[in-house]
Amino acid sequence: MPRISRRANSSSYEPPKSISRSRSRSRRKRRHEEGDEYNSSYSNERCNRSRMHDQGTSAERRYKRSHRRSPGSTNHQRRRLRRHPSPGSGDEKMHHRHHRHKERSHSKQRARSPVIVDDEEGHLIYKNGDNLADRYQIIQTLGEGTFGKVVSAKCLKNRDEIAAVKIIKNVEKYREAARLEINALEKLNAKDPESKNLCVRMIDNFEFGGHVCIGFELLGLSVFDFLKENNYQPYTVDQVRHISYQLCYAVRFLHRNKLTHTDLKPENILFVKSEYDTQYNQKKKRAYKMIKDTEVRLIDFGSATFDDEHHSTVVSTRHYRAPEVILELGWAQPCDVWSIGCIIFELYLGITLFQTHDNREHLAMMERILGSIPYKMARRSKTKYFYHSKLDWDQSSSAGRYVRENCKPLKRYMSSEEEDHRLLFDLISQLLKYEPTQRMTMEEALDHQFFYKLPAHQRLHDKEERSHSLSR
């Protein structure tokens, strides 16, 4: 960033020798009076300069905005020198001492004023210890995504409170998504102020230099990050049971309030606490982490869509995307249900069910794992993936061999024939029905046999029903 010189012009003003001393004294007196007039009109002048300042890069403009109004600027000093008398007099020396003192004080003010600078992608540039809008002091970076960054931060009003602050990129499309997220969270918070339905609690939102910032309760690692740090050691069946139940419970709350999340994935499910025990796996001859508390919260409502809002054509992260979205048949709340089926599979095995980045290959994987795509869906689709209502897919190609070798019918992924595993895969198969209308609702999922073994205090919808019956 270019430096802007603040040093005054050192060449002093000398009047012509032909001017008499008396005229110099009277002019000096007149100029001192004009100096007072200048001080009173300076604020108007700097406003005019501010309006004229419309050139330079965005970074330069942000830099200049924080400095251009400083009375220590070079142009301003030149004007002040032209309005004051010639050197040599005691008044002039005293003026220069006073001016240097003012310049130093303005430099201190500039040092205290935060300069808000973004990188070329629109991320806020900051360091640990920086303040955000005099509300939070940044402790450290927790994560980063296409939307911006998340930091842990100390609340300046209540020093004991630590929050997770999402700092959105200074890019219009991400700012707009953040405003939609705030709108959704405000409505959900109003319906559930105590976060009993397991959606993350928003505690604050504000703007800081073009960045929308959202404050949340501080949570632990995502179920994906914990899995990754644990060398993709799958969760136990009991852990899968509790996490899956809570996910269904949270999404049921959204669907009841006419909201579709549209971006359900393991990265958006966070443990409340990430503490773990270390255990040794005799079979694999290595240690692994066992999460102590499987209580979770659902996060990231930046893509959440109300039933009466515009539904964009493509939603969901690729691996968790429902077939009706790929086939452009329109989507609604059942697209969340499909994503949950994919997530539960991943928690159980530690691998992604549909590991692909191509639509046609994705559909081929679905057919290999779940059977043929229904004729009616193929006929309704306007996409190019079908020929005579059958998937146009070359089994003998390298991609075809990859799908054949790496995918198999769903039930063959079971690691055990025990009852718990059979019930789990029955639940997954009910969530992964091709036809959206045939998929389980979240109400039905919560009553599935797989969840019967949950302790009473973890079966939240049972407690709901009991409290309703007592209130009657």
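Just so you know, all these numbers are worked out from the coordinates, no wet-lab data involved. Owing to the predicted nature of the structure, the values given are computational and were not obtained by experimental measurement. Note that we place each Cβ from the backbone using ideal geometry, even for glycine, and neighbour counts take in every protein chain shown.
Summary table
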{"quantity": "Amide H contacts under 5 Å for Asn205, placed H, 5+ residues apart", "calculated": "Gly215"}
{"quantity": "Gap separating the Cα centres of the stretch 304-366 and the stretch 395-451, nearest whole Å", "calculated": "14"}
{"quantity": "³J(HN,Hα), Karplus 6.51/-1.76/1.60, whole Hz, each residue of the stretch 442-455, x for Gly, Pro", "calculated": "5, 4, 5, 4, 5, 9, 5, 4, 4, 8, 4, 7, 5, x"}
{"quantity": "Entries in Lys265/Lys376; Lys157/Lys463; Lys196/Lys265; Lys166/Lys228 that, when Cα-Cα distance is taken, lie over 25 Å", "calculated": "Lys265/Lys376; Lys157/Lys463"}
{"quantity": "Length gained when the stretch Gln438-Glu217 is fully extended (0.36 nm per residue, less Cα-Cα span)", "calculated": "75.9 nm"}
{"quantity": "Anisotropy class of the stretch 236-375 from Cα gyration tensor, a/c 1.5 cut", "calculated": "oblate"}
{"quantity": "Added length on full extension, which subtracts the Cα-Cα distance from 0.36 nm per residue, Ser372 to Arg412", "calculated": "12.7 nm"}
{"quantity": "Nearest-0.05 FRET efficiency for Glu121 and Asp204, computed from C-beta distance (R0 22 Å)", "calculated": "0.35"}
{"quantity": "Residue order, fewest to most beta carbons within 10 Å, for Lys289, Lys376", "calculated": "Lys376, Lys289"}
{"quantity": "Environment charge of Lys273, counting only residues whose C-beta is closer than 9 Å and scoring Lys/Arg +1, Asp/Glu -1", "calculated": "-2"}
{"quantity": "Relative packing of 355-364, 320-329, 291-300, which averages over residues the other C-beta atoms within 10 Å, highest first", "calculated": "320-329, 291-300, 355-364"}
{"quantity": "Placed amide H near Tyr136: partners under 5 Å, 5+ positions off or other chain", "calculated": "Leu156"}
{"quantity": "Amide proton proximity set for Tyr276, modelled H, under 5 Å, gap of 5+", "calculated": "Lys292"}
{"quantity": "Cα→Cβ-extended label distance, 7 Å offset, between Asn131 and Asp307, nm", "calculated": "4.7"}
{"quantity": "Table column - 3J(HN,Hα) (Hz), the stretch 250-264, Karplus curve with 6.51, -1.76, 1.60, x for Gly and Pro", "calculated": "5, 6, 4, 4, 4, 5, 5, 9, 6, 10, 10, 5, 6, 9, 6"}
{"quantity": "Peptides ranked, highest mean first, by Cβ atoms within 10 Å: ranges 239-247, 184-192", "calculated": "239-247, 184-192"}
{"quantity": "Spin-label pair Ser398/Gln355, simplified geometry with 7 Å Cα→Cβ offset, distance in nm", "calculated": "1.7"}
{"quantity": "Gain upon complete extension [Lys173, Lys390; 0.36 nm per residue less C-alpha separation]", "calculated": "74.3 nm"}
{"quantity": "Under the Karplus curve 6.51 cos²θ - 1.76 cosθ + 1.60, θ = phi - 60°, whole-Hz ³J(HN,Hα) for the stretch 120-135, x wherever Gly or Pro sits", "calculated": "5, 8, x, 5, 5, 8, 8, 9, 4, x, 5, 9, 10, 6, 6, 10"}
